[in-house]
Each structure stands twice: as structure tokens, then as C-alpha cells.
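Engineer: Take this structure first; my questions come after.
The values are calculated or read from the model by the stated rules, or taken from the named source; none is laboratory data. Everything numeric in this text was worked out from a predicted model, so none of it was measured. Heads up, the Cβs are rebuilt from the backbone with ideal geometry, glycines too, and the neighbour counts pull from every protein chain shown.
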Amino acid sequence: MELLNEPFPWHVSGFLISLIMLLLILMGKSFGVSSNLRTICAALGAGKTCDFFCFNWKTTRWNLFVIFGALIGGFIAANYMSGLNPPDINPDVIAELNTLGFESAGNNYLPLELFDNLYSIKAICILLIGGILIGFGARYAGGCTSGHAISGLSNLQLPSLIAVLGFFIGGLLMIHLIFPFIF
Amino acid sequence: MRNLYCLLVGVFFGIIMIKSEAASWFRIYEMFTFKSFHMYGIIGTAVCLGALYIQLIKRFKLKNIDKKPIIIKEKNKSQYRYLFGGIIFGLGWALVGACPGPMFTLIGAGYFSVLIVIIGALLGTWLYGLLKNKLPH
């Protein structure tokens, strides 16, 4: 039980994530989180504005149970499994983040400058714009990390490899070229 | 009953996202600086094992719990949407350090500001629906 209070090593985590995909496949479903965003849009009535959301969202309701479960899992891990201890990231990265103004690097699970700073218009804009990019990009690419990087690559799909390359091009552009202008 | 199983798989998923630190903005930032193997190890292990399971499922024509053959949907062939969509997703992933799964997990973990990210992601999804026919796919 002690081990459950420690962070999971990468190989255990990777194995457990592969099990999630396997369980969903065996249940006749598939592992893809971002399609929930489309389902929620449809459930909120976005079908009135365009065809993309005109489908019977109740057929994908099972996936909403998965994300609701993920929310409960987050609560359990945070409150009963010491889940929010600061990750043991590379000290060079901590130093780099400190110079960018992230004092919370190395001491917290998430940067407080972004996630515990609701008086800052800048932080709110970053969270909102980041969310828009994720939602737009995931639907444009037809999947996110779970659908492409895990499910698609596991099924040796070239489109998913292209999408994952795209994820990395975007991520590298953001951190190395755009971050210096934002932070 | 089936929905309950989905919920339980989700709980398991949420716990792993937090405990693997894949839901940590710092781990995502670190991944894009190439200064740690952690995230690559997680994704690499999941993909290698996942590929093994899928090969076994196909080889032995395994059935799912409804006794139906397992069919894994192939992705549509094209390039633009995967590349452009992927780049846009990557920009957002690096900026807020959370992909769609961890967003929900982090709310449960008590980071309520992530709700702003989810609202953004819903807006982005809606925007895509509106612009879909005008974009190269």
C-alpha cells in the first residue's frame, strides 16, 4: 500500500494506460477522450448551428461516463494517494522555468502562476486560448493523445503518426518560439 | 451496468493520469524540452503493449464481451487534417499542459481553474464544427 502513495514509474504507468485501451476495446468501445467534447457540444444544442453536431449524442454517452470516472479518479488520487506531490522534474528544467517567472516549479504539481491566479487576466486568457487550441486541433486532427498517440499508434496507423508529429511540432513551437514572448 | 463499467475504467484512468504525472503541466513542459525520458517512457510503453494486444486480437480474431468480433476503426486517409490539426493541438497542449483526459481529472483533483480550459476546449470544438467545410482536410 505504501507504493500507492509514491508516483507511478513510467513503465507501470505505460502498462496501466495500455490496459485502459484494452479494456475499452474488449467492451466494444474505443479509447478516445476528445470526442466527448463533441458529444457535450451536441448535448448543449450546437446541432442548431451546424451539421457537425447533428447526431444522436446519446449513442456516445458511455464515453461521458469514462470522463466522469476520470474526474472521480482525480479526486481519489489527489486526496487519498498523495497524488499532488511535486513531480521530480529535471533540475535544469526547474532553473529554466524559474527564469521564465515560474517560481512554483519544483514545489507544486501545477504552476500556480497559471492555475491558481484567477486575478490575472493574462492567466485566464492563457487557459482559455490553450483550451480553444486543444478543442479545435483535436477535432481537426480527429483525435487527441488518447485517440492518436495511444490508440492510433498501437494500431500502426500512418494518419496517427502524422498527427503525433503535428502534436510535437506544435508543442516545440509553443515552448521554444512562443513562450519567450508570453512569459 | 455497462455504463458503470465505463465509469470504473474512467476512475482507473483518472488515478493513473495523476499518479503517472502525465496530468502535470511541468511534465509536459519537460517533455518538450527533451530533458527527461519520463513521458516518452509512458507513451512508448503504452504503444508497444497496445500494438501487441491489437496484433493478438487480430491474429486470434478475439471477440468482445458482446461476443461480437472486434473491429478497430481505421483512420481516414489524408494528410492535411492530421498535420494541421495536430500542430494546433500541440500548441494548446504545450500552453496549458493538459490534454483532454487530464482536464477532467484535474477538476476532480481540485484545480477548478481548469474549468476555463474545458470551456475553451468546448468553444474550440464548436468553432471547428462551424469552419469544418472551409478547412483543408
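Engineer: Just to be sure I understand the filter: pairs with C-beta atoms under 7 Å, separated by 6 or more residues or on different chains, first member in the range A:93-104 and surrounded by fewer than 18 Cβ atoms within 10 Å (Cβ to Cβ), second member assigned to a helix (DSSP H, G or I) and at pLDDT 95 or above. Which pairs pass?
Structural biologist: Short answer, once both residue conditions are applied: A:Leu100/A:Phe179; A:Gly101/A:Glu113.
Engineer: When the range A:143-169 is examined, which residues are found to be crowded, with 24+ Cβ neighbours inside 10 Å and more than 18 Å from A:Gly14 (Cβ to Cβ)?
Structural biologist: The answer is A:Gly143, A:Ala163, A:Gly166.
Engineer: Of all residues in the range B:82-102, which are closer than 15 Å to B:Arg27 by Cβ and facing another protein chain (nearest Cβ under 7 Å)? It would help to see each step written out before you state the result.
Structural biologist: Pass one, the range B:82-102, residues closer than 15 Å to B:Arg27 by Cβ: B:93-99, B:101-102.
Those that are closer than 15 Å to B:Arg27 by Cβ and facing another protein chain (nearest Cβ under 7 Å): B:Trp93, B:Ala94, B:Leu95, B:Val96, B:Cys99, B:Gly101.
Engineer: While we're on this one: Every residue in the range A:141-183 that is aliphatic (A, V, I, L, M), under 17 Å from the mean Cα position of the chain (by Cα) and over 14 Å from B:Tyr82 (Cβ atoms), please.
Structural biologist: A:Ile150, A:Leu172, A:Met174, A:Ile175, listed by residue number.
Engineer: Among the residues of the range A:120-143, write down those that are at the interface with chain B (Cβ under 7 Å from one of its Cβ atoms), in a helix (DSSP H, G or I) and of a type in the set (Gly, Ala, Ser).
Structural biologist: A:Gly130, A:Gly131, A:Gly135, A:Gly137, A:Ala138, A:Ala141
Engineer: Within the range A:23-78, restricting attention to residues that are of a type in the set (Val, Ile, Thr) and within 9 Å of chain B (Cβ to nearest Cβ), which residue is farthest from the chain's Cα centre (by Cα)? Let's see the steps before the verdict.
Structural biologist: Filtering the range A:23-78 down to residues of a type in the set (Val, Ile, Thr) leaves A:25, A:33, A:39-40, A:49, A:59-60, A:66-67, A:72, A:76.
Keeping just the survivors that are within 9 Å of chain B (Cβ to nearest Cβ) gives A:25, A:33, A:40, A:49, A:66-67, A:72, A:76.
Working: A:Ile25: 20, A:Val33: 9, A:Ile40: 17, A:Thr49: 27, A:Val66: 14, A:Ile67: 11, A:Ile72: 16, A:Ile76: 18 Å.
Only one residue tops the list, namely A:Thr49.
Engineer: Collect the residues in the range A:144-183 that are assigned to a loop (DSSP other than H, G, I, E, B) and either facing chain B (nearest Cβ under 8 Å) or at pLDDT 95 or above (or both), keeping them in residue-number order.
Structural biologist: Filtering the range A:144-183 down to residues assigned to a loop (DSSP other than H, G, I, E, B) leaves A:144, A:155-157, A:183.
Listed by number, the residues that qualify are A:Cys144, A:Asn155, A:Leu156, A:Gln157.
Engineer: Find the residue count for the range A:83-97, including only residues that are part of a helix (DSSP H, G or I) and of a type in the set (A, V, I, L, M, F, W, C). Walk me through how you get there before you give the answer.
Structural biologist: Of all residues in the range A:83-97, those part of a helix (DSSP H, G or I) come to A:91-97.
Checking the rest, the ones that are also of a type in the set (A, V, I, L, M, F, W, C) come to A:93-95, A:97.
Result for the range A:83-97: 4.
Engineer: Which of the residues spanning the range B:17-51 are under 17 Å from A:Ile25 (Cβ atoms) and of a type outside the set (Gly, Ala, Ser)? It would help to see each step written out before you state the result.
Structural biologist: Keep residues of the range B:17-51 that are under 17 Å from A:Ile25 (Cβ atoms), which gives B:46-51.
Across the range B:17-51, the qualifying residues are B:Val47, B:Cys48, B:Leu49.
Engineer: Could you tell me how many of the residues in the range A:40-82 are within 14 Å of B:Tyr128 (Cβ to Cβ) and assigned to a helix (DSSP H, G or I)?
Structural biologist: Qualifying residue count, the range A:40-82: 7.
Engineer: Here's another thing I want to ask about it. Every residue in the range A:111-131 that is without any contact (Cβ under 8 Å) to a residue 12 or more places away in the chain and under 19 Å from A:Ile67 (Cβ atoms), please.
Structural biologist: Selection gives A:Gly130, A:Gly131.
Engineer: Continuing with the same structure: Can you confirm whether B:Leu49 is touching a Cys at 6+ places or on another chain (Cβ under 7 Å), surrounded by fewer than 24 Cβ atoms within 10 Å (Cβ to Cβ) and at the interface with chain A (Cβ under 7 Å from one of its Cβ atoms)?
Structural biologist: Working: touching a Cys at 6+ places or on another chain (Cβ under 7 Å): no; surrounded by fewer than 24 Cβ atoms within 10 Å (Cβ to Cβ): yes; at the interface with chain A (Cβ under 7 Å from one of its Cβ atoms): yes.
Spelling it out, it is not the case that B:Leu49 is touching a Cys at 6+ places or on another chain (Cβ under 7 Å), surrounded by fewer than 24 Cβ atoms within 10 Å (Cβ to Cβ) and at the interface with chain A (Cβ under 7 Å from one of its Cβ atoms).
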